[in-house]
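S.K.: Okay, handing you the structure first.
The values are calculated or read from the model by the stated rules, or taken from the named source; none is laboratory data. It should be emphasised that the depicted structure is a prediction, and the values quoted were computed from it without experimental measurement. Cβ atoms come from the backbone with ideal geometry, glycine included; neighbour counts cover every protein chain shown.
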Ligand code: FPP
C-alpha cells in the first residue's frame, strides 16, 4: 500500500475503497433563491458558504482531491447582472477565504481559461495558488471559466505547437499524451462526480477525466448540501464494484 493510501485510511472516518478525488457540479443556487422569493445571486452567495464545510470534511473522509464547478464557459450567457455578481462573488470569496484555506492546509488551484477573466480576479487567483502551494492536506480545484471541450481544444493547440516545434513525435501520441496538456495535468482523475439539484447531465465538466468515474445525481439543491451528505455519498461509493471494463473472476 502506498504511503499516501495509508495516511488516507488512518483518517477517522476514511472509507475503505472510498474516492480519492470527488468532483462536484454545484447546481441549484438559482432555484434555492427563487423558492425564497430572492434574487438568484442570493442563492450563489448561500452556495459559496457551503464550499468551506464540504472542503473541510474531505480529509477525515479520506478524500484528498475535491474539484468544484464554479463557472462554466457557457455561464457567460446569463444576464450581465448575474455574471457581474458572480465575478464579484469570486473576488470577495478569494479575498475573504484565503487565510482560512491556507491555515486549513488546503492547496487551491484553478482550472479554466483565464484570458476572459478580469485582471483583478486573475491576480487574486494567482496569489491564492501561490500562497497555498506548500499545502497538501486537501487539494481544492476551482473550475472557473471552465469547459471541457474548451480545455481539450486549448490542450490540442499546445500539443500541435509542440509537434510543429519538433518537441513531440506525432507517432508517439497516445492516450497518456493529451492529459499532460490538460488544465488538470497534475491531478488524478475524479473517482466520483456529484451533481446536485436533480439534473442528470454533465454539462461539459471534466469529460476526458471522468471516463471511468462513478456518478451521483442527487435532488438536494447546492446551498442545502452538507458534509453529512458528502459522507453518505463517499460511503456509498465505497460499496460500488468498479471494474474499469474488466471482468472479475
Ligand atoms: C449553478 O446553479 C451554479 C453556478 C453557475 C455557480 C456556482 C457558484 C457557486 C456555488 C458560488 C461560489 C463558488 C465559489 C468557489 C465561491 P444555477 O444558478 O444554475 O441554479 P439553477 O439551476 O437552480 O438556476
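S.K.: On the basis of being in a helix (DSSP H, G or I), within 16 Å of the ligand (Cβ to nearest atom) and surrounded by 13 or more Cβ atoms within 10 Å (Cβ to Cβ), does residue 129 make the cut? Explain how you work it out, then say what you get.
M.R.: Values: in a helix (DSSP H, G or I): yes; within 16 Å of the ligand (Cβ to nearest atom): yes; surrounded by 13 or more Cβ atoms within 10 Å (Cβ to Cβ): yes.
Answer is yes for this residue.
S.K.: Now a separate question. Could you tell me whether any residue of segment 165-174 is surrounded by 14 or more Cβ atoms within 10 Å (Cβ to Cβ) and farther than 25 Å from residue 47 by Cα? First the steps, then the outcome.
M.R.: Residues of segment 165-174 surrounded by 14 or more Cβ atoms within 10 Å (Cβ to Cβ): 168.
Narrowing the set further to residues that are farther than 25 Å from residue 47 by Cα leaves 168.
Yes: one or more hits.
S.K.: Still on this model: Of everything in segment 203-230 that's part of a helix (DSSP H, G or I) and touching a helix residue (DSSP H, G or I) at 6+ places or on another chain (Cβ under 6 Å), which residue is nearest to residue 15 (Cα to Cα)? Show your work before the answer.
M.R.: Let us first name the residues in segment 203-230 that are part of a helix (DSSP H, G or I), namely 222-224, 227-230.
Now drop any that are not touching a helix residue (DSSP H, G or I) at 6+ places or on another chain (Cβ under 6 Å), which leaves 222-223, 227, 230.
Numbers: 222: 23, 223: 25, 227: 14, 230: 12 Å.
Only one residue tops the list, namely 230.
S.K.: Continuing with the same structure: I need a count of the residues in segment 63-88 that are farther than 18 Å from residue 186 by Cβ and in contact with a strand residue (DSSP E or B) (Cβ under 9 Å, 6 or more places away or on another chain).
M.R.: Our first condition is that a residue be farther than 18 Å from residue 186 by Cβ; within segment 63-88, this holds for 69-88.
From what is left, the residues that are in contact with a strand residue (DSSP E or B) (Cβ under 9 Å, 6 or more places away or on another chain) are 69-73, 75-76, 83, 86-87.
Residues meeting the conditions: 10.
S.K.: Check residue 60 against each of (1) more than 8 Å from the ligand (Cβ to nearest atom); (2) in contact with a helix residue (DSSP H, G or I) (Cβ under 8 Å, 6 or more places away or on another chain) and name the one condition it does not meet.
M.R.: The failed condition is (2).
S.K.: Going by the structure shown, is residue 99 more than 12 Å from the ligand (Cβ to nearest atom) and either in a loop (DSSP other than H, G, I, E, B) or modelled with pLDDT of 95 or more (or both)? Break it down stepwise before answering.
M.R.: Details: more than 12 Å from the ligand (Cβ to nearest atom): yes; either in a loop (DSSP other than H, G, I, E, B) or modelled with pLDDT of 95 or more (or both): yes.
So residue 99 passes the test.
S.K.: Would you be able to tell me the number of residues in segment 44-54 that are surrounded by 14 or more Cβ atoms within 10 Å (Cβ to Cβ) and more than 10 Å from the ligand (Cβ to nearest atom)?
M.R.: First, the residues of segment 44-54 that are surrounded by 14 or more Cβ atoms within 10 Å (Cβ to Cβ): 44-48, 50-52, 54.
Narrowing further to those that are more than 10 Å from the ligand (Cβ to nearest atom): 54.
Selection size over segment 44-54: 1.
S.K.: Identify the residue in segment 73-96 that is part of a loop (DSSP other than H, G, I, E, B) and over 16 Å from the mean Cα position of the chain (by Cα) and, among all such residues, is nearest to the ligand (Cβ to nearest atom). Steps first, answer last, please.
M.R.: Restricting attention to segment 73-96, the residues satisfying the condition of being part of a loop (DSSP other than H, G, I, E, B) are 73-74, 78-79.
From what is left, the residues that are over 16 Å from the mean Cα position of the chain (by Cα) are 74, 78-79.
Working: 74: 9, 78: 8, 79: 11 Å.
Applying the filter and picking the extreme gives 78.
S.K.: Further, regarding this structure: Restricting segment 18-39 to residues that are near the ligand (Cβ under 6 Å from one of its atoms) and either more than 21 Å from the chain's Cα centre (by Cα) or touching a residue at least 24 places away in the same chain (Cβ under 8 Å) (or both), which is surrounded by the fewest Cβ atoms within 10 Å (Cβ to Cβ)?
M.R.: Here is the first cut: in segment 18-39, the residues near the ligand (Cβ under 6 Å from one of its atoms) are 26-31.
Of the ones still in play, those that are also either more than 21 Å from the chain's Cα centre (by Cα) or touching a residue at least 24 places away in the same chain (Cβ under 8 Å) (or both) are 26-29, 31.
Values: 26: 22, 27: 24, 28: 24, 29: 24, 31: 16.
The residue in question is 31.
S.K.: How many residues does segment 151-168 contain that are in contact with a helix residue (DSSP H, G or I) (Cβ under 8 Å, 6 or more places away or on another chain) and assigned to a loop (DSSP other than H, G, I, E, B)?
M.R.: 1
S.K.: Just to be sure I understand the filter: pairs with C-beta atoms under 7 Å, separated by 6 or more residues or on different chains, first member in segment 72-100 and within 21 Å of residue 130 (Cα to Cα), second member in a helix (DSSP H, G or I) and within 8 Å of the ligand (Cβ to nearest atom). Which pairs pass?
M.R.: 89/44; 89/45; 89/48; 93/48
S.K.: While we're on this one: Would you check if there is a residue in segment 177-193 being farther than 24 Å from residue 151 by Cα and in contact (Cβ under 8 Å) with a residue 60 or more places away in the chain? I'd like the intermediate steps shown before the answer.
M.R.: Filtering segment 177-193 for residues farther than 24 Å from residue 151 by Cα gives none.
There is no residue in segment 177-193 that is farther than 24 Å from residue 151 by Cα and in contact (Cβ under 8 Å) with a residue 60 or more places away in the chain.
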